[in-house]
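Enquirer: Take this structure first; my questions come after.
What follows draws every value from the coordinates through simple rules; no lab data is involved. These numbers come from a predicted model, not from an experiment. Counting neighbours? That spans all protein chains shown, and the Cβs are built from the backbone with ideal geometry, glycine included.
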10 protein chains.
Amino acid sequence: MLFHVRMDVNIPHDLDPIRADELKRVERERAQELQRQGKWRHLWRIAGQYSNISVFDVADPQELHDLVSTLPLFPFMAIEVTPLCRHPSSIHEDER
Amino acid sequence: MLFHVRMDVNIPHDLDPIRADELKRVERERAQELQRQGKWRHLWRIAGQYSNISVFDVADPQELHDLVSTLPLFPFMAIEVTPLCRHPSSIHEDER
Amino acid sequence: MLFHVRMDVNIPHDLDPIRADELKRVERERAQELQRQGKWRHLWRIAGQYSNISVFDVADPQELHDLVSTLPLFPFMAIEVTPLCRHPSSIHEDER
Amino acid sequence: MLFHVRMDVNIPHDLDPIRADELKRVERERAQELQRQGKWRHLWRIAGQYSNISVFDVADPQELHDLVSTLPLFPFMAIEVTPLCRHPSSIHEDER
Amino acid sequence: MLFHVRMDVNIPHDLDPIRADELKRVERERAQELQRQGKWRHLWRIAGQYSNISVFDVADPQELHDLVSTLPLFPFMAIEVTPLCRHPSSIHEDER
Amino acid sequence: MLFHVRMDVNIPHDLDPIRADELKRVERERAQELQRQGKWRHLWRIAGQYSNISVFDVADPQELHDLVSTLPLFPFMAIEVTPLCRHPSSIHEDER
Amino acid sequence: MLFHVRMDVNIPHDLDPIRADELKRVERERAQELQRQGKWRHLWRIAGQYSNISVFDVADPQELHDLVSTLPLFPFMAIEVTPLCRHPSSIHEDER
Amino acid sequence: MLFHVRMDVNIPHDLDPIRADELKRVERERAQELQRQGKWRHLWRIAGQYSNISVFDVADPQELHDLVSTLPLFPFMAIEVTPLCRHPSSIHEDER
Amino acid sequence: MLFHVRMDVNIPHDLDPIRADELKRVERERAQELQRQGKWRHLWRIAGQYSNISVFDVADPQELHDLVSTLPLFPFMAIEVTPLCRHPSSIHEDER
Amino acid sequence: MLFHVRMDVNIPHDLDPIRADELKRVERERAQELQRQGKWRHLWRIAGQYSNISVFDVADPQELHDLVSTLPLFPFMAIEVTPLCRHPSSIHEDER
């Protein structure tokens, strides 16, 4: 099932830059791995902001939480989750 | 280019039901036509709300406005537009 | 899976009282039927407000939407949905 | 009586990690003890957030305050309290 | 126990004036009766607004809801409820 | 005259604990002195929060400011002031 | 004493125009009378809005309420009141 | 001098359509006249919304108010005004 | 011309106290100088808050910005600016 | 195409002043270079605030993001982006 997730990243300016870079590197690897698995179905940058809009395809809210809360930047993100379903005007049987 | 659009529909309770049904019927036809043209790339219902989250693929903000502002339910929708671009961690060359 | 739902009811003062009463009567029947089916797991009144806080146990966001959007008072409710999962400090294996 | 409580945890990034872990460990023990006593009736994780939604069953607002304000993470939580009562459409005599 | 209640009144301009006056008259009688019973412990007007700040002394949230939701102006009020308890710096044993 | 005051306390986690305790001790003494003088007429704890709701009885806004802005925790409080007056439905001649 | 008051006027479009004009005429007379009495000390239009920012000089919050709540447009105004006092950096002994 | 103005138009659905069209026609003529006079320096549509972002070049806030408050759609617009000045990093001597 | 300005001061608790006192001393001198020049026409303290409400009388938005942005406490203030003009119900020809 | 961008700058008070000055110097150079290239079409200071309102003329949201996210002060700015298009009442064929 699909969940729409907005993530706004806010890394404190006094975080050690080496640690910050390492967090970002692992975050990127993890994001790409989840995309390849089909769990992180869409990943867009919001133009002009250190934010993304994503759509996750997971088994249930538990899996969504497990994926999102273990992202390296999770402690520095404000996250908003919106559950999605098929729109009755969609031309696709399966909205995924 | 891609624009993320959230539409919250609020039809006044004293609108003539026949007119409301006609507006919804034409809205649906228009939404499906735009999907078939590839302009209305994604269309999801927000679970539990008379709202959708959409992604439009248009030539520019002008085309986005022309498409959205001529929807039959436009006068009864609160609309929020967010420009998107490719995320640097995306595994796709072209995020569309 | 569980979804936390808050519903704030706002019936327009110029709605026909007989229609309003009928809507409330059917809403009540539907709410009780869904409780008996185990879909509407919790239903509380917020003290001092024409609002409720509910927890639904459904198969997916689609079923949640189908249940909530067909409630008779749906057009007159502001609805907020929050997906839930098991808390790691819970003493129950299954949080439902 | 029942109180709906939402807790959003925000641990400062420059808090000593050892102290943070100790706070979380004691918080967990305390939460489980209160669940076993029946005071902390429901405890759910909000999917995708370091937040929980809880329902407490206490004698009065004073007991609620005593329980919540002595949680180890209390200084790092934004807390919202909503008093609940039985919903007239509930199928249970006692909503607890 | 004590609940702090703020009520903002907003009577629609197209409500029949005779009905509005009758609602206000009964509201006033009911408010005074509840004050005499000691249930409506404090009742202040917010200067410059059609609003009041009140403190109710009730047995539980259920009684609070029963009192507030049966006020004649209830359908036209935005209501905010805050549970209170004794402040540790109070000079009174019983804050009521 | 009466002013309704809400104070939300937020002590920074990196404030020296000895200084914080001293501030709280003096705050408490000052609050009790003002209560005995009748200036700080009501003082309630908001259940579940490090906040209070108070009613001050002062000569004018200047006295209110002098009292509140010299509280030891003033630099760490968000404060909201609402002027009150007698409610026309009050059963008391003098609302104080 | 001084109170800062912001008034945002919102006259419903379906109010009888003759009644609206009469309300505005009496409002204007009343505003000018209160200015001549020195009660309505300052009265500014906010540029670009049907709103004003005012400073009232009254005996207490009760007088402020009596003046403001009897303005003919009171039912159609959102009103925000802020109590003022002398600023310690003012060059005037009496800020009024 | 320059003022940034955002206007959000919200025409009630029960306004007579002939009157609405006449208001829009006169609004358009007035907007074009003010553009030709150089008073309404910039006028953009916000993509996807019945809103505009404008920059006015006027003698003072009074002239801004006189221009904006006499627009035919003024009663149906939410308006936000922001005063502008030259940015120190601008490459132009005169930002207009 | 007149601009209404609200300033909310928030000095970080870890700012060096000697520097903070020096900033406040110079701020006060500057505020008094601008009052004597007639530029800072009104200066009120908001009762109960480390905030002021001011009215500036300046040649244009540029002068307002130059005055406000060079105040020593500017980096620690949230500032809200509202342009004012004469109210049509004012009894004065010149509202200044 | 045009994007309206508001940037609110908030430099932490404990950032090294030399680094802050260097960031501002490079920011200024970059802003002027982008203006000369015609990418940063308008740049205004908001009077009384450490904020600007800008209009960018770019090829697409990707270019907007690349320009804005590489500004030296980007980590210290809250940024709001609004896509613009030609207004139907504009007197210019090309609104740019």
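Enquirer: Can we say D:Asp66 is among the acidic types (Asp, Glu), over 13 Å from the mean Cα position of the chain (by Cα) and surrounded by fewer than 20 Cβ atoms within 10 Å (Cβ to Cβ)?
Expert: no
Enquirer: Is it the case that some residue within the stretch E:19-28 is surrounded by 15 or more Cβ atoms within 10 Å (Cβ to Cβ) and not in a helix (DSSP H, G or I)?
Expert: The answer is no; no qualifying residue exists.
Enquirer: May I ask you to verify whether B:Arg36 is surrounded by 20 or more Cβ atoms within 10 Å (Cβ to Cβ), more than 13 Å from chain H (Cβ to nearest Cβ) and of a type in the set (D, E, K, R)?
Expert: Spelling it out, it is not the case that B:Arg36 is surrounded by 20 or more Cβ atoms within 10 Å (Cβ to Cβ), more than 13 Å from chain H (Cβ to nearest Cβ) and of a type in the set (D, E, K, R).
Enquirer: Determine, yes or no, whether C:Gly38 is in a loop (DSSP other than H, G, I, E, B) and touching a residue at least 12 places away in the same chain (Cβ under 8 Å).
Expert: Against the criterion (in a loop (DSSP other than H, G, I, E, B) and touching a residue at least 12 places away in the same chain (Cβ under 8 Å)), C:Gly38 qualifies.
Enquirer: Restricting attention to the stretch H:1-18, and to residues there that are assigned to a loop (DSSP other than H, G, I, E, B) and within 15 Å of the chain's Cα centre (by Cα), which single residue is surrounded by the most Cβ atoms within 10 Å (Cβ to Cβ)?
Expert: H:Met1
Enquirer: Scan E:Ser89, E:Ser69 and give me the residue that is small (Gly, Ala, Ser) and under 21 Å from D:Leu84 (Cβ atoms).
Expert: Matching residue, one of E:Ser89, E:Ser69: E:Ser69.
Enquirer: Same structure again: State whether the residues of the stretch E:46-58 include one that is assigned to a helix (DSSP H, G or I) and facing another protein chain (nearest Cβ under 7 Å).
Expert: No; the residues of the stretch E:46-58 include none that is assigned to a helix (DSSP H, G or I) and facing another protein chain (nearest Cβ under 7 Å).
Enquirer: Under the condition of being away from chain J (no Cβ under 14 Å) and part of a strand (DSSP E or B), which residue from the stretch I:69-96 is surrounded by the fewest Cβ atoms within 10 Å (Cβ to Cβ)?
Expert: Residue satisfying both the conditions and the ranking: I:Arg86.
Enquirer: Given the condition of a type in the set (A, V, I, L, M, F, W, C) and out of contact with any strand residue (DSSP E or B) (no Cβ under 9 Å at 6 or more places or on another chain), answer yes or no: does some residue in the stretch F:4-16 qualify?
Expert: There is at least one residue in the stretch F:4-16 that is of a type in the set (A, V, I, L, M, F, W, C) and out of contact with any strand residue (DSSP E or B) (no Cβ under 9 Å at 6 or more places or on another chain).
Enquirer: So, one more: Would you confirm whether any residue within the stretch A:11-18 is on the phi > 0 side of the Ramachandran plot and touching a residue at least 12 places away in the same chain (Cβ under 8 Å)?
Expert: Checking the stretch A:11-18: not a single residue is on the phi > 0 side of the Ramachandran plot and touching a residue at least 12 places away in the same chain (Cβ under 8 Å).
Enquirer: To continue, here is another question. With (1) closer than 17 Å to J:Pro61 by Cα; (2) within 11 Å of the chain's Cα centre (by Cα); (3) not polar (S, T, N, Q) as the list, and B:Pro61 as the residue in question, which single condition is left unmet?
Expert: Every condition holds for B:Pro61 apart from (2).
Enquirer: Answer yes or no: is there a residue in the stretch B:85-95 that is within 10 Å of the chain's Cα centre (by Cα) and either under 28 Å from C:Val68 (Cα atoms) or of a type in the set (A, V, I, L, M, F, W, C) (or both).
Expert: no
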